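Peer 1: Submitted below is the structure of interest, expressed as structure tokens.
The values are calculated or read from the model by the stated rules, or taken from the named source; none is laboratory data. On a predicted model such as this, the values are computed, not experimentally measured, just so you know. Glycine gets a Cβ as well: all are built from the backbone with ideal geometry, and neighbour counts include every protein chain shown. Just the protein is used for accessible areas: all its heavy atoms, side chains included, with ligands, DNA and RNA removed. Shrake-Rupley method; radii C 1.70, N 1.55, O 1.52, S 1.80 Å.
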Amino acid sequence: MEVGAGAALGTALAVGLGALGAGLGDGLATYSAVQGISRQPEARGAIFSTMLIGIGLIEAIPIIGVVIAFMLFGKVA
């Protein structure tokens, strides 16, 4: 396998798996937050702010994946 082909494959995997993982993580975090709010409505503010912080951290994964993809894509061209 040539270096360019390996870099292209790595680019696709970095972006695709990063997006897949972030989507699953966002869904699970939102699901759990809705479950928690439905069980304890008085704790809505704390649960919601904690969920937003968690989702922000989860979303860092695909951003890092895109940066890695750009770095690898520079080796393809």
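Peer 1: Please enumerate the residues belonging to segment 48-62 that are closer than 30 Å to Ala5 by Cβ and of a type in the set (Val, Ile, Thr).
Peer 2: Within segment 48-62, Ile61 is the sole residue that qualifies.
Peer 1: Going through segment 14-39 one residue at a time, which ones are of a type in the set (A, V, I, L, M) and open to solvent by 40 Å² or more (accessible area, probe 1.4 Å)?
Peer 2: Of everything in segment 14-39, those that are of a type in the set (A, V, I, L, M) and open to solvent by 40 Å² or more (accessible area, probe 1.4 Å) turn out to be Val15, Leu17, Ala19, Leu20, Leu24, Leu28, Val34, Ile37.
Peer 1: Right, next: Go through segment 42-68 and give me each residue that's open to solvent by 80 Å² or more (accessible area, probe 1.4 Å) and farther than 20 Å from Val15 by Cα.
Peer 2: Glu42, Arg44, Phe48, Thr50, Leu52, Ile53
Peer 1: Go over the candidates Gly45, Gly65, Gly21, Gly36 one by one and state the one that is farther than 26 Å from Val3 by Cα, touching a residue at least 12 places away in the same chain (Cβ under 8 Å) and not hydrophobic (A, V, I, L, M, F, W, C).
Peer 2: From the options Gly45, Gly65, Gly21, Gly36, the qualifying one is Gly21.
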